[in-house]
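Enquirer: Pasting a structure here, questions to come.
The values are calculated or read from the model by the stated rules, or taken from the named source; none is laboratory data. Since we're looking at a predicted model, the values are computed, not measured. We place every Cβ from the backbone using ideal geometry, glycine too, and count neighbours over all the protein chains shown. What goes into the accessible areas is simple: the full protein's heavy atoms, side chains included, and nothing from ligands, DNA or RNA. Shrake-Rupley method; radii C 1.70, N 1.55, O 1.52, S 1.80 Å.
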There are 4 protein chains.
Amino acid sequence: MSDITYKLASRASKPEGSVVKVKGLEIGAKKVVVMAGPCAVESEQQLMQAAKAVKEAGATVLRSSAYKPRSSPYSFQGLGKEGLNLIKKAGQEFGLVTETEVVDTRDVSTVSEYVDILRIGARNMQNFALLKEAGKAGKPVILKNGISATLEEFLLAAEYLLSEGNTDVILCYRGVKGFEPRVRFPLDTGSIPLLKELTHLPVIVDPSHSTGKQSLVGPVSKAAIAAGADGLMVEVHPNPGQAKSDKEQQLLPGQFSELMKQLSPVAKAVGREL
Amino acid sequence: MSDITYKLASRASKPEGSVVKVKGLEIGAKKVVVMAGPCAVESEQQLMQAAKAVKEAGATVLRSSAYKPRSSPYSFQGLGKEGLNLIKKAGQEFGLVTETEVVDTRDVSTVSEYVDILRIGARNMQNFALLKEAGKAGKPVILKNGISATLEEFLLAAEYLLSEGNTDVILCYRGVKGFEPRVRFPLDTGSIPLLKELTHLPVIVDPSHSTGKQSLVGPVSKAAIAAGADGLMVEVHPNPGQAKSDKEQQLLPGQFSELMKQLSPVAKAVGREL
Amino acid sequence: MSDITYKLASRASKPEGSVVKVKGLEIGAKKVVVMAGPCAVESEQQLMQAAKAVKEAGATVLRSSAYKPRSSPYSFQGLGKEGLNLIKKAGQEFGLVTETEVVDTRDVSTVSEYVDILRIGARNMQNFALLKEAGKAGKPVILKNGISATLEEFLLAAEYLLSEGNTDVILCYRGVKGFEPRVRFPLDTGSIPLLKELTHLPVIVDPSHSTGKQSLVGPVSKAAIAAGADGLMVEVHPNPGQAKSDKEQQLLPGQFSELMKQLSPVAKAVGREL
Amino acid sequence: MSDITYKLASRASKPEGSVVKVKGLEIGAKKVVVMAGPCAVESEQQLMQAAKAVKEAGATVLRSSAYKPRSSPYSFQGLGKEGLNLIKKAGQEFGLVTETEVVDTRDVSTVSEYVDILRIGARNMQNFALLKEAGKAGKPVILKNGISATLEEFLLAAEYLLSEGNTDVILCYRGVKGFEPRVRFPLDTGSIPLLKELTHLPVIVDPSHSTGKQSLVGPVSKAAIAAGADGLMVEVHPNPGQAKSDKEQQLLPGQFSELMKQLSPVAKAVGREL
């Protein structure tokens, strides 16, 4: 497990740390970046409401998925290209940086035309064909860890992106597989500072997919910042009870706005800003 | 977790069990099918030696990979199309059914021209775009379980193939993620008969990737058959010490031939044949 | 992880393997030993019925617990000393070797007066005070692996028994913690031959606690023997539906009898006897 | 998994939360309690140096073990009764509340004479005989979660203590078994607020055993407080490199003192004090 296996991603290759810049936004700098929005784009109204709410609360990036990888072929698979259009529109209307998931090598160039940041999800962390394609797309990429990937494998997946010449890679730690029935994906607290030791890449944390439970998103968000995360990716939905996926974990706009207020003093307590 | 989630794959939908037929070979019938060959195609000489050895020992399917998904971008990635050519040649020369892994949606049609059976590996079990494409290819597909997939998720991945109209799906159980440092991927013995209860699809077992150790491949192969597996997928290499991947687990031709002799009485003891 | 850490248990210290002898029975020799009986002693009638049934089917050791370690303080905790009396009586009446679990250092000497073999359960595998006491009791000990113990830790726990001068130690592999919701404790097939490589101690397998499901006990029992196990520990109850613990996994006498017939050819297929 | 299974421990049975009082110290109140000290008592000088250092830095409880449960019978097993004497002396000399681990039912009454709080370690979380004995000892008990215990099992173990009439139970969450080779025991961030929802008992966190690495203890300590922990248990040793156990994770006195200063603003940011 020598660091040499992920030489471009290793902290040693850039001891001062990387800052990814997108439309004036800096990810990996002093300011903690909050990405927020619905799990999936479901309709224009839903996305616009969510975008408005997260913008007003202080988020700078709109998160939402147009392509949904689902365990079952019979579950809602996302709005596809129609969703991309809505994401672009919401980003423009509310002055938000946009990101969305890409799931197929053949979609990379299209998706890149619509959003500011590509996201590669946990299930595709070792879809190496997709990593290579995304590495060539000329867009920043958020890479989520596979649910049973080691940190070494996570960094090697980032290395696939970096070795294609893409230096704008953001790691998103979203917890791993565990055995506790009450927690979707246990989020090891120590892995946050450990990632920061191992790599120069910015590290953000997804408290929503990890906990799977509204009431835990707040405490975990605070903990992530206290542990050194460079940002958060939080699911916010205007009406979580009606969501087509992840009902239990999406925050209401009011809950998100309240959370943002609570995060600010935590960020300050560890020398950061929100 | 009701069976309804994977209705086409469920045992209820075909209580008598499925038999996949390829070039006269039946997978899922009384005869236990042994697929064997090198982890990766490395050269013509290597593949031909391996093919000859496994044919002589009684295997009916040649396993080998031309495209290798590797954790590191700097590891051997396979011979690609040149490898496909060699697999086709070896199959013809030794009268073996052939199979190989497909890793990119864009390669599915090409790979389908060269081999008899497509394989989708553990890392791509939830690469849904790839599943959909493979489901339309008109070829039987071997689907390996993801290393942290539940059996439900495994069967739902099979459902993606089946719901595209492909009824020739073979499940390959290759063990899962565990915490024992001496075992690569613990292979739960009970999951073999459990899969046979849950689904009508043939279930084969990969003792090589599970154990990661030559000396354990034999006992685990016997156990798999005793537990009801319909077949095995075993790595055999003319010179494992020189292999470009999986050195520790590939059997020598002589070891494989000896194993085949030992498997025969075990198959009979549980009412099967080899 | 050098073998030196469990020097008395290591295969190197006794390459020919150990045979534990109890009242004429040999555990670890050519003959596969089957231990069977109810999870817990519940009443005289229940135990006598179970003992009669397992004896007639060919088991040589009566398994049953008088002290039940239970996750909840409100669950049935076993009959205690009354249970010990019944076990002794059943052993004498049916000519069976007896074993039972011991859970408290203060009970070791009493329990040793009533049964032929002590058992230390999974939850107590690292109860070192209990191991030391059991190591001095002058009785053979069956040691079950902790559900999250590595094989190294398992062998080190055996080393506690051995280093107190007790050479009659039998390892019982009962599966480990996993993430599959349909399987209680995944039983890694490869760990059976691996244990046989690492240690000279006899290795038996518990298919009942691992699978947690009646219909899987048979296939897993066959697989365990095929993989090289020296014996089995199987739960059998005259009326599983009424059992005070482990209802789902205990076999009916008729099922057990049928299983014993099926195991015999499997044992022969791998050069053993039943 | 209804709450009814751990009715005395459940939040519903005491919605306002429990405060455990020991010699004027309150655990579970507004003030975050820091317990610190060496993994094991090794000598008078070592313990006194550690006690002095943690007192000066602001800790209120001295942690240290006189009885060490060790995986190998050949590892340092602790100083035993001599260690208890030293702990008592250190507590008196520096005005610290004391705690130590108890590992044998037969030692409970003796240990209770020497220290203010009993500790039951992860390996003994389901040593029910020990739980029952500790529940009767008339002393507060710190209960650590077993490394593969679910939260339900953890609370049921606490229920054993509570159902013996002991209401002064403190839960210590120390992480669980995981598969990441770089982290000893992944500490799920969400489990901290989740425990606080499920139970009224105070919850403290052990960042030392979880991370296993000095440099991660600080960030994880901050995160634990941010997530709502009522206290911390931190290993501090005057000379970690010479420690007889857990060398890699014990903080130097200077590191601990620095950490205490950094924790204070984090506690304030979430409405607590240090």
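Enquirer: For segment C:121-137, just list the computed ³J(HN,Hα) in residue order, Karplus coefficients 6.51, -1.76 and 1.60, θ = phi - 60°, integers in Hz, with x standing in for Gly and Pro.
Expert: x, 4, 5, 9, 4, 10, 8, 5, 4, 5, 4, 5, 5, 5, x, 9, 7
Enquirer: How much mean residue ellipticity at 222 nm does chain B get from its helices, if each DSSP H run of length 4 or more adds -39500 (n - 2.57) and you divide by all residues, to the nearest 500 deg cm²/dmol?
Expert: Roughly -11000 deg cm²/dmol at 222 nm, from the helical runs in chain B.
Enquirer: For chain D, what's the relative contact order in percent, using C-alpha pairs closer than 8 Å and at least 6 residues apart?
Expert: 22 percent
Enquirer: While we're on this one: Between C:E16 and A:S43, what is the FRET efficiency for a Förster distance of 56 Å, r being their Cβ-Cβ separation, to the nearest 0.05?
Expert: Working: r = 73 Å, r/R0 = 1.31.
The value I calculate is 0.15.
Enquirer: Kindly work out what percent of the DSSP beta bridges joining two residues of the protein assembly as shown are antiparallel, to the nearest 5.
Expert: For the protein assembly as shown, the DSSP antiparallel bridge percentage is about 15.
Enquirer: Ok, one more. Taking the Cα centre of segment B:45-89 as origin and charging only Cβ (+1 Lys, Arg; -1 Asp, Glu), how large is the dipole, in debye to the nearest 20?
Expert: Here the size comes out at about 80 debye.
Enquirer: Placing unit charges on C-beta atoms (Lys and Arg positive, Asp and Glu negative, everything else neutral), compute the dipole magnitude of the protein assembly as shown about its Cα centre in debye, rounded to 20.
Expert: With Lys and Arg at +1 and Asp and Glu at -1, about 0 debye.
Enquirer: Quick one: work out the % antiparallel among DSSP beta bridges in chain C, nearest 5.
Expert: Antiparallel: roughly 10 percent of the beta bridges in chain C.
Enquirer: Let me ask another. What whole-number distance in Å separates the alpha-carbon centres of segment D:150-195 and segment C:246-262?
Expert: Here the two parts' Cα centres lie 37 Å apart.
Enquirer: While we're here: Report the net charge of residues surrounding B:V176, where surrounding means a beta-carbon distance below 9 angstrom and charges are Lys +1, Arg +1, Asp -1, Glu -1.
Expert: Taking every Cβ under 9 Å from that of B:V176, the sum is 0.
Enquirer: Right, next: Which loop-located trypsin sites (Lys or Arg not before Pro) does segment C:7-103 contain, where loop means any DSSP state but H, G, I, E or B and the Cβ has at most 16 other Cβ atoms within 10 Å?
Expert: Within segment C:7-103, the qualifying trypsin sites (Lys or Arg not before Pro) (loop, at most 16 other Cβ atoms within 10 Å) are C:K7, C:K23, C:K30.
Enquirer: Just to verify a number: what accessible area does C:E16 come out at with the full protein assembly present, 1.4 Å probe, Å² rounded to tens?
Expert: My reading of the accessible area for C:E16 is about 140 Å².
Enquirer: Only Cα pairs under 8 Å and at least 6 apart count here; give the relative contact order of segment D:38-115 as a rounded whole percent.
Expert: 34 percent
Enquirer: Under a GNM of chain B (C-alpha, springs under 10 Å), which listed residue has the highest mean-square fluctuation: B:L155, B:L25, B:L171?
Expert: Comparing B:L155, B:L25, B:L171 in the GNM, the peak value goes to B:L25.
Enquirer: Let me know the charge dipole size of segment B:23-97 about its Cα centre in debye, to the nearest 20, where only the beta-carbon of Lys, Arg (+1) and Asp, Glu (-1) is charged.
Expert: Approximately 220 debye in magnitude.
Enquirer: Please work out the average accessible area per residue across segment A:1-106, using the 1.4 Å probe convention, and give it in Å².
Expert: Counting only protein heavy atoms, the per-residue value for segment A:1-106 is 41 Å².
Enquirer: Which whole-number percent is the relative contact order of segment D:1-64 (Cα, under 8 Å, 6+ apart)?
Expert: This gives 27 percent for segment D:1-64.
Enquirer: Something else now. Show me, for segment B:97-110, the HN-Hα J-couplings you get by feeding each phi into the Karplus relation (A = 6.51, B = -1.76, C = 1.60, θ = phi - 60°), rounded to Hz, glycine and proline as x.
Expert: Couplings: 5, 10, 8, 7, 7, 10, 10, 9, 3, 6, 9, 4, 5, 4 Hz.
Enquirer: Among C:Q46, C:G91, C:L201, whose Cα projects farthest towards the positive end of the dipole of chain C, with charges put on the beta-carbon of Lys, Arg (+1) and Asp, Glu (-1)?
Expert: Result: C:Q46.
Enquirer: Right, here's the next one. Check C:I142: other-chain or 5+ apart residues with amide H under 5 Å from its amide H, H built from backbone geometry?
Expert: C:L118, C:R119, C:I120, C:I170
Enquirer: Around D:L274, what is the net charge, scoring Lys/Arg as +1 and Asp/Glu as -1 over all other residues with Cβ under 13 Å from its Cβ?
Expert: +4
Enquirer: Would you rank A:D188, C:D107 by solvent-accessible area, highest first, keeping every protein chain in place and using a 1.4 Å probe? Walk me through the numbers on the way to the answer.
Expert: Values: A:D188 10, C:D107 40 Å².
The most accessible residue leads, giving C:D107, A:D188.
Enquirer: Additional query: Which FRET efficiency value, to the nearest 0.05, do you get for A:K7 and B:K81 by plugging their Cβ-Cβ distance into 1/(1 + (r/R0)^6) with R0 = 22 Å?
Expert: 0.15
Enquirer: Set the Förster radius R0 to 56 Å, insert the Cβ-Cβ distance between C:R106 and C:E258 as r into 1/(1 + (r/R0)^6), and round the FRET efficiency to 0.05. Don't jump to the answer; show the numbers that get you there.
Expert: Values: r = 42 Å, r/R0 = 0.74.
The computed FRET efficiency comes out at 0.85.
Enquirer: Out of the total accessible area of chain C (probe 1.4 Å, heavy atoms of protein only), what percent is carbon and sulfur?
Expert: Carbon and sulfur together cover 49 percent of it.
Enquirer: Per-residue HN-Hα couplings for segment C:247-254, Karplus 6.51 cos²θ - 1.76 cosθ + 1.60 at θ = phi - 60°, whole Hz, x for Gly and Pro?
Expert: 3, 6, 10, 7, 7, 6, x, x
Enquirer: Projected onto the charge dipole of chain B (+1 at Lys/Arg Cβ, -1 at Asp/Glu Cβ, origin at the Cα centre), which of B:A157, B:T211, B:I147 gives the Cα projection farthest towards the positive end?
Expert: Value: B:T211.
Enquirer: Give me the one-decimal nm value for the distance between modelled label points at B:E93 and C:K88, 7 Å along each residue's Cα-to-Cβ direction.
Expert: 7.4 nm
Enquirer: Positive end of the charge dipole of chain D (Lys, Arg +1 and Asp, Glu -1 on Cβ, about the Cα centre): tell me which of D:G138, D:Q262, D:A122 has its Cα farthest that way.
Expert: D:Q262
Enquirer: Quick query: amide H of A:S65 versus all other amide H atoms, modeled in the peptide plane; which residues come in under 5 Å with a sequence gap of 5 or more or a different chain?
Expert: Hits under the 5 Å cutoff: A:A40, A:V41.
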